[in-house]
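Let me begin by presenting the structure, written as structure tokens, before commenting on it.
Bear in mind that the values in this text are calculations on the coordinates, not laboratory data. This structure is a prediction, so every number in the text was calculated from the model and none was measured. Quick reminder, even Gly has a Cβ in these numbers, built from the backbone with ideal geometry, and neighbours come from all protein chains shown.
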Amino acid sequence: MDVEVAGDVRATHEGDEEADGEGDESAEHLNVEDQPEAYPPQEIQDEEPITYHFMEEGSKRGKTKLFDSLGFSYVFKTKYSDESVLWRCPMRNKDVCYCPATVKQDGNNFQRGPKRHVHDAPRGAESLARIFRDVKEAAVQRPKDKTSVVVREVLRRNMPEGDPRNCPDVPNVEQLCGLVRKYRRKARPEEPKDVDFELLVRI
């Protein structure tokens, strides 16, 4: 479920910090002198007010993710109090050691940090997060449905305007089917490790 900023945005974020699959989290401690210049330029970013909203279970670890109207996303970094949270950009890859951009949340108010993003806003990032979230949810809730049926329904529901070019990083159907099978394996109860177990018999 997506949560609009206008509602109650307080949540428990401890343990939510993640690299989001985009590189080594240890890179966060590196210097940024060699990073590319911030994108987009600050004067362009400041032309219009930026809005923010949450996506529950939007991160790859199933935690809340923050999105802004520019197309950037943020994951939890630090909690100062019940109302005050610092969010950071999760971008890490071979081209960007780490992105230093942050957003500070005070209740329903959001303020960008002093450093800007050093990369373009990824196209379809929010749709991609929804696809991964819904694939995981459907895999567990519909264990008997064909994997390809589950995947195609999720894609049809979440692909922006039905055009894959609007979400270029989305995995193909076979890769998503593999994720469905993976989540289903994890959801199965563990098999007994020895023969000393109680057998339940229905009469």
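General remarks:
- If the chain linking residue 157 and residue 188 were pulled fully straight, counting 0.36 nm for each residue of separation and taking away their Cα-Cα distance, it would gain 8.5 nm.
- Formal net charge of residues neighbouring residue 148 (Cβ-Cβ distance under 13 Å; K, R +1; D, E -1): +2
- Rounded to whole Å, the principal axis extents of the Cα atoms in the stretch 125-187 read 31, 17, 17, largest first.
- Ranking of 191, 83 by count of other Cβ atoms within 10 Å, fewest first: 191, 83
- Distance in nm between pseudo-label sites at residue 169 and residue 94 (7 Å out along the Cβ direction from Cα): 1.6 nm
- Mean Cβ count within 10 Å, highest first, over the residues of peptides 110-118, 63-71: 63-71, 110-118
- Measuring between alpha carbons in the structure, the pairs from 63/144; 63/94; 79/136; 77/146; 79/144; 115/186 lying more than 30 angstrom apart are 77/146; 79/144; 115/186.
- Relative pair counts by distance (%), Cα atoms of the stretch 98-152, 10 Å bins: 19, 28, 26, 19, 8
- Computed FRET value (nearest 0.05) for residue 121 with residue 56, which takes r as the C-beta separation and R₀ as 22 Å: 0.55
- Report note on the peptides 74-80, 48-54: ranked by the mean count of other C-beta atoms within 10 Å, highest first, their order is 74-80, 48-54.
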